[in-house]
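Written below as structure tokens is the structure these notes are about.
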Amino acid sequence: MLTRLYHLPISPWSEKARWALDHHRVAYEAVEHVPLVGDLRLRWLLRKPTGRVSVPVLEDGGDIYGDSFQIARHAEAIGAGRPLFPAGHEAEIAAWNLLSEQLLVTGRGVMLLGQIEDAQTALDALPPGVPEALKPVLAPLARRALSAFVDKYRMRDAAASHRPVLDQTMAAFAKVLADGRRYLVGGAFTYADITMAASLQGVSPVDERYMPVGPGGREAWTRPELVARHPEVLAWRDAVYATHRPTHGPTHRPTHQQPHAG
Ligand SMILES: N[C@@H](CCC(=O)N[C@@H](CS)C(=O)NCC(=O)O)C(=O)O
């Protein structure tokens, strides 16, 4: 039976889905999505001609799962290994997923709105395979593409609140971890740990053994003031990765790249 994950290697949302699938030892073919260019295929898969489409998307034997949380639930239903959603803790884990979404959305807003005018960031965001020599002439197009991505996720709508909400969310999370806990829910590793660990990618990228860093590299993806303020949060994240994210999982199989325009 065909199991295929459409994902963006650099995206923490995709990382949540990969991690849950790998944890449950679900074998899948990984197909790399290219932002904007790949939307048409996602529309087809999701049967969604209008509105926003995004990855990760899992196709499993004809069924489609269009959200990281749904994919994790499905991985649990079909896979092996210890549960990520232990009985009785589902609501608590869903709440952590919401908090993770808040961290990710505000982190992405701070990063991309801060860089939208930066020519190099736009060039870095061009699809893989664009010849170096062509990049300078494609700069205006690249800037427009970055701007279209910012519009797609309506990042400008909440421009003023990204920064304070990101800071408050990090501070609240640090408070929870202040008791020295290793796991967020029920004293064992769950999807709450996955979702929160992945959501720190836009504060300080995890070691590249686990996932690649996106356009602009570590500097663009790091919020130095938050790293300085909350080192214990990142130490918690690194420990969760070191213990529960083997680097030789199924995601390390070759990834299929989608052909892109040009
Ligand atoms: N609720 C979704 C959100 C996914 C999401 O926002 N994905 C974005 C993160 S930037 C993405 O990968 N976008 C790629 C694109 O829009 O082309 C989930 O958790 O699966």
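The values are calculated or read from the model by the stated rules, or taken from the named source; none is laboratory data. Values in this document were obtained by computation on a predicted structure and should not be read as measured data. Cβ atoms come from the backbone with ideal geometry, glycine included; neighbour counts cover every protein chain shown. Quick note on the areas: whole protein, heavy atoms, side chains included, nothing else; ligands and nucleic acids left out. Shrake-Rupley method; radii C 1.70, N 1.55, O 1.52, S 1.80 Å.
Residue-wise test of (1) closer than 24 Å to residue 117 by Cβ; (2) buried (at least 17 other Cβ atoms within 10 Å of the Cβ).
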| position | (1), (2) |
| --- | --- |
| 170 | no, yes |
| 182 | no, no |
| 197 | no, yes |
| 214 | yes, yes |
| 219 | yes, no |
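For the stretch 9-88, the helices (runs of 4 or more DSSP H) that sit wholly inside it and include 2 or more residues that are over 27 Å from residue 127 (Cα atoms), open to solvent by 30 Å² or more (accessible area, probe 1.4 Å) and at pLDDT 95 or above are 68-78. Does residue 91 satisfy the criteria of being more than 16 Å from the ligand (Cβ to nearest atom) and either in contact with a Leu (Cβ under 7 Å, 6 or more places away or on another chain) or assigned to a helix (DSSP H, G or I) (or both)? Judged against the criteria, residue 91 is a match. Of the residues making up the stretch 146-161, those that are assigned to a helix (DSSP H, G or I) and in contact with a helix residue (DSSP H, G or I) (Cβ under 9 Å, 6 or more places away or on another chain) are 146, 147, 149, 150, 152, 155, 156, 158, 159, 161. Which ones in the stretch 120-138 are part of a helix (DSSP H, G or I) and either exposed (fewer than 13 other Cβ atoms within 10 Å of the Cβ) or in contact with a helix residue (DSSP H, G or I) (Cβ under 6 Å, 6 or more places away or on another chain) (or both)? Matches in the stretch 120-138: 121, 122, 123, 132, 133, 134, 136, 137. The single residue among 104, 98 that is within 13 Å of the ligand (Cβ to nearest atom), in the same structural domain as residue 161 (by TED's automatic domain parsing), under 29 Å from residue 129 (Cβ atoms) and not aromatic (Phe, Trp, Tyr) turns out to be 104.
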